[in-house]
Structure formats: C-alpha cells, structure tokens
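Reviewing the structure listed below.
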Amino acid sequence: MSNVPNDPDVPPRRPTPRILACNQKARQLAALVLAQRGQARALTQDPPPTQYPYGCTTIFAPGWEVDSGNGTHGLCQPIERDLYDCYHTCYWPAQVPDGVTNSPKWTMSCGAPMQDWKSIDLVFP
Amino acid sequence: MQLQTVLHRRFRGERGAEFVYVASSAAILGVDAATGAVVDAFAVPGGRDQDAWIADQADRELAESTLHDLVDLGVVRPVGESPAPRATLPPMPFPLATLVLNVTNKCNLTCTYCYEYGEDRLTAGDGSKGTGKPKMDDDTARQSIDFLMRSSGDRPQVSITFFGGETLLNFPAIRVATEYAEETAKSFKKRVHYSLTTNATLLTDEVVDFLTKHRFGITISIDGDQQDQDRHRKFQKGVGSFDVIEPRIRHLLVTNKERKGRSIGARVTLTSGAAPVPHTYRFLTQELGFDEVGFAPVTAGLGRDYALGEKGYQKLLREFGELAEDYVAAALRNETHGFANLGDLLRELHQGVNKAHPCGAGLGLLGVSTEGELGLCHRFVESKSHSVGTVTTGIDEATRTAFLTQAHIDNKTDCTQCFARPLCAGGCYHEAHVRYGDATVANLHYCEWIRGFIDLGLRTYGRILEANPKFFARFES
C-alpha cells in the first residue's frame, strides 16, 4: 500500500510499508483495491470523466430537478431522452421496463421516438 | 462521515510487529505503529467523524491517506453501512467431495465417553447393539460408491472415508468398497482418496498390507500412554486396550514408512484427568512414531464426569500454548511439526478461510449408515432427525437446503460480535445437538476455548511470520 514519504535530509532508503498484506486473503484484497484505485470518479469532478458508468447502481445522480448548473435548461431535451435514459442505461431509476435484462426489445417498434413514441406498448409483467 | 473499525483482533509478534485480523474478510494485515493507532482510534462505540479526526492530526496528509487505505481494505467502514449482499448458500445441489461409510455400528471397545454408544448417543439402540443392521453389506457398499460418483459433479477427486463403530470389524465391506471404487472411478475419470479411522485393535498383517497398498490416510483413535489409553478405552470385560494396540500400531507405522504411505495421525480424545498435552504428544510421536497428533476435547452432555469443565479448558489452552512453542521452533527451522490442531488452524489463517458453515457436513460431505441411509456426517447417521436421503434414492435436496440455510452463520446471532466467527462459524453440529438438542445453534459452552485457541493461532502466526515468512508457502495451493 502507501509508503511513508522519505525525509529529504535522511539518506535514501527503502520506504517502510505502513500496511502489509500478510495472508493470502489480504493479498487478494490489496490487489483488488489497487486495481480499482483511480477508476472511481465523481461526475462533477474537474476534469469531467470521459466515460460514464453503465447501470443505475454504480453512480450518484443529483436528481430530476436540476442540472449540473443548478438550472433546468440542461435537463433531458427532448423529454423522450428521459425515457431512453431510464430504459437503455437504467440511468434514472424510473418506472419503465428495463432494457438491460427483461425487455430488450421494448422500443423496437419505435424508429423515431420524437414522432413515434406513442407506438411503444405497455408491458404487463 | 462517521467511521468505525470493523470487528477485528489485534495481535503482536515476538519482536513487536503488529497485526490486525479482520473478521469480515479473514484478512491478516501487518500494520506499523501509526496505522495500528488509527485502527484503535476508530474502534470506539459509535465511531468517529473522519473530518474532525483528520483535523486533529499532526500530519493530516498522512492521516488521511492511512485512513483511506484502511477504508478501502475494509478495516474501517462507515457506521451503519449495510453489509454487502452475499449468497446464503453456494449453488445447490452442491457436488459431494467426501462420503463417510459407517461400515459397522458395532464396536469391540466400550469407551466410556463414546458419542455413539455412551450416554450421549443419538441412536435409539441399546448400547453397542446400535440400531439397524450391525454391518453394511456388500451391495450397500457398492451402492454408496455409485452414489458418490454420481453426486460429485465434475470434481476430479473424491474421498471415501470408512468409519464405525470399530471400522475394521467389517473389513470385508472396506475391501469390497475400495476395489469397486477403483473400478468405477476409471469410468468416471476420477481419482479416489481413501481414509479410515480405527481403534487399532484389529490391525492384522493382512489389514495393514491392504491399507498401505491403497495408500489409505489412517487415523488411530488413541488417548496417549498406557495410563491414559486404559482409563476410558477398554474392552467389554473392562480390560484396557493399550497392550493389544501398541504392537499393532508399531507394525503399521513401520510398514507404512517402508511403503512411503501417507502420514498417519493419532486422534486423542481429551477428558478430565488426562495427562498434559505436550506429554501425550511426545509419547505418541517420539515413543510410538506417529507423524501427527490431533486433540479433541470430549463431546459431552451436561454433568458427565469425564467432561472438561471450565478449568479443564483453561488448563488445556495452557498446554496447547506449551506445545505451540515446539511448533514455532520447528517452523523457524522450516520443518513441519505434527501438532495437527495448530497446523490446521495456521493453514486456515494463512489462506484467509471465512466460513459460512462450521464444516462440510451436508455440503461437500455426507455420512452413510450401515443400511444406506444418508446423514449430515458420520456422527449423525442413524439419527432419524437428520436423515437427508438414501444412497439409492439420492439426496433429499429440500431437507439438505433447509438445514444448511438454517445453520448459516448469519442466523447465529450469538456470533455477530465474535472475531473467531470466520473460523468457528458456531462449531460442530453434532456437539450442538448433544448439548442443546438443536444442531443449528452456536456452541456457546466452548466460546472461550475457541477464542483462546484462535488467539493462540494468531499469535503463533505473527511470531512465525516475523522470523520465517516463507514457512507459510507450504499452505498455499
């Protein structure tokens, strides 16, 4: 894991580890932690992340009401995008069929959502 | 955010190295003094506010980074955090790895403390008469092997263990089962490992020849030197068995060594009044020549005069500590030591075993009665309350799953705050059944003993790790 920073006045030496993974389980855990380091970023972080996570439980979203500038003009436009963010990516946790596992073909009948959205049928579980 | 150190055990090596055993993951971490202090600082009821704590530290950057590492490694976590979801059981039906064949329920000894025939037996029969057939017939032995091959999924290796009663009272069934298993294993493309437990009274030349030829893992039930052996392990007429077994054991050990067989272990049942553990260990390894010795406190209901009382367990822990000194000395020379209890514990600690169930009974292991009835393990066969099928009709999966679900460590609320839970998981089902009439409850009567023993294991682990860390490579698969 991390190391104690070297004192510039002391001759260089091998830094002493603060935490050592001793048994096999600890080594597995440490490897997992190190592999995940640097991968998790807040969506509001500067600079913004280039890749967005997939699925609805991996991210923290501020909510429906405001955009990242605390206004409303940046919210999903046209409103059909909301549907697709709920459906395709589970980005918003809304009451639509999920396209990830249960209803992958739900919007097949709808070629151009802005005109055809009424052709999307109901799903009866 | 409010953070708190999770359930853990701190321990030190001899030269001052500090360690943390994390009960949620069974990870063992070595920590420097400053990191150890952080672990301790957050180990307070209700936890601490991380920002307030960091603001109080002289080196805030170092403090924050240490805390960050500890949070990521699961040592310090947010207060009230829900535990990560985990499966209650592995995918069922779980493939069998081991089948224990009780080839007979008769015995030629009448050991006072025996859980099979003594006062705490589960079987409904009358003393050594047992219930059901006294001996397993050849057909049932073969059906058991077929059942194991069918029920072991794609495991490349299976184990067959023979048990009794006195196992060797039905040597013909052992021979039939072994020879049939050799044959059947070929068509299933599996390897078979055989093992057997015996009181050594019937180890004739023919038997020894057969067992060593098939590379049996052999465990001899023996309580120690003549005085200890003859105290409880007597023939039906009351005569001690030491004089009969001693020459037979010597013959077995010599033959096994010549044939480069598997290591042979002694299993000692510890009762009140037994000689000190280090004495018995030295007698069995140095005088008789056993490779390893395992010690088991006697299973006993309340009020048995041979049971170990609280003082007995304390004495036992001290004696285990003395024998652990020998183990450490051997480990520093990079040699194995035959103290099986400690060796097994160190293996589990090093691998980071984290048990949902105390043992494999009902999961990878089942027992078979003389009549082919399946029980959770050899100790439960013929106990109607825990029958889980027969070798011909197969496993009653609903009963098996219901038992395992109920016996899961998460249902043993008494164990919630115990650092030993990854290794103990509530302890032996049979012991709980004898003591409390319910196999799925935790064995609260020996908590102090288990905690003391696991603590001894942790301290021993720390000492060996400080001085000869490469010793543990032998426990890695």
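Some observations on this one:
- Any hit, segment B:461-471, residues being without any contact (Cβ under 8 Å) to a residue 12 or more places away in the chain, within 14 Å of another protein chain (Cβ to nearest Cβ) and open to solvent by 30 Å² or more (accessible area, probe 1.4 Å): yes
- Among residues of segment B:20-33, those that are closer than 25 Å to B:Glu61 by Cβ and touching a helix residue (DSSP H, G or I) at 6+ places or on another chain (Cβ under 7 Å), counted: 3
- Scan segment B:1-15 for residues that are open to solvent by 30 Å² or more (accessible area, probe 1.4 Å) and in contact (Cβ under 8 Å) with a residue 60 or more places away in the chain and the total you get is 10.
- Given (1) open to solvent by 60 Å² or more (accessible area, probe 1.4 Å); (2) touching a residue at least 12 places away in the same chain (Cβ under 8 Å), index of the condition B:Val239 fails: (2)
- When each of B:Thr66, B:Thr98, B:Thr110 is tested for being away from chain A (no Cβ under 14 Å), in contact with a Ser or Thr (Cβ under 7 Å, 6 or more places away or on another chain) and at pLDDT below 95, the lone residue that passes is B:Thr110.
- Residues located in segment B:184-218, provided they are without any contact (Cβ under 8 Å) to a residue 60 or more places away in the chain and among the polar types (S, T, N, Q): B:Thr184, B:Ser187, B:Ser195, B:Thr198, B:Thr204, B:Thr212
- Per-region count, segment B:78-95, residues modelled with pLDDT under 80 and over 30 Å from B:Arg48 (Cα atoms): 1
- Search result, residues across segment B:244-302 that are over 20 Å from B:Arg231 (Cβ atoms), among the polar types (S, T, N, Q) and touching an Asp or Glu at 6+ places or on another chain (Cβ under 7 Å): B:Ser263
- Of the strands (runs of 3 or more DSSP E) entirely within segment B:323-421, those holding at least 1 residues that are free of Cβ contacts under 8 Å to residues at least 60 places away in the same chain and not assigned by TED's automatic domain parsing to the domain that holds B:Glu287 occupy B:373-375, B:387-390.
- Matching residues, segment B:242-277, being surrounded by fewer than 19 Cβ atoms within 10 Å (Cβ to Cβ) and assigned to a loop (DSSP other than H, G, I, E, B): B:Arg259, B:Lys260, B:Arg262, B:Ser263, B:Ser272, B:Gly273, B:Ala275, B:Pro276
- Segment B:316-336, residues that are open to solvent by less than 80 Å² (accessible area, probe 1.4 Å) and more than 20 Å from the chain's Cα centre (by Cα): B:Asp326, B:Val328, B:Ala329, B:Ala330, B:Ala331, B:Asn334
- The condition (being under 19 Å from B:Arg318 (Cβ atoms) and surrounded by fewer than 20 Cβ atoms within 10 Å (Cβ to Cβ)) is satisfied by just one residue among B:Ile454, B:Ile450: B:Ile450.
- Conditions (1) within 29 Å of B:Asn102 (Cα to Cα); (2) among the hydroxyl-bearing types (Ser, Thr, Tyr); (3) crowded, with 18+ Cβ neighbours inside 10 Å: number failed by B:Thr405: (3)
- Just one of the listed residues (B:Lys213, B:Lys190, B:Lys135, B:Lys186) is touching a strand residue (DSSP E or B) at 6+ places or on another chain (Cβ under 7 Å) and open to solvent by 60 Å² or more (accessible area, probe 1.4 Å), namely B:Lys135.
- Within segment B:42-59, restricting attention to residues that are under 22 Å from B:Pro83 (Cα atoms) and not acidic (Asp, Glu), the residue that is surrounded by the most Cβ atoms within 10 Å (Cβ to Cβ) is B:Phe42.
- Residues that are in contact with a Leu (Cβ under 8 Å, 6 or more places away or on another chain) and modelled with pLDDT of 95 or more, drawn from segment B:294-316: B:Phe295
- Selected residue (only one of B:Leu196, B:Leu203, B:Leu169, B:Leu211 is part of a loop (DSSP other than H, G, I, E, B) and closer than 25 Å to B:Val244 by Cα): B:Leu203
- Residue under evaluation B:Glu476, criteria (1) within 13 Å of chain A (Cβ to nearest Cβ); (2) within 14 Å of B:Phe19 (Cβ to Cβ), criterion not met: (2)
- Hits in segment B:16-39 (condition: within 7 Å of chain A (Cβ to nearest Cβ) and either touching a strand residue (DSSP E or B) at 6+ places or on another chain (Cβ under 7 Å) or buried (at least 24 other Cβ atoms within 10 Å of the Cβ) (or both)): B:Phe19, B:Ala27, B:Ile28, B:Leu29, B:Gly30, B:Val31, B:Thr35
- Against the numbered list (1) under 24 Å from the mean Cα position of the chain (by Cα); (2) modelled with pLDDT under 95, B:Phe235 comes up short only at (1).
The values are calculated or read from the model by the stated rules, or taken from the named source; none is laboratory data. Computed from a predicted structure; not experimentally measured. Because the Cβ atoms are built from the backbone with ideal geometry, glycine has one as well, and the counts that use them run over all protein chains shown. The protein model used for the area step is the full one, side chains on, heavy atoms only, and it has no ligands, DNA or RNA in it. Shrake-Rupley method; radii C 1.70, N 1.55, O 1.52, S 1.80 Å.
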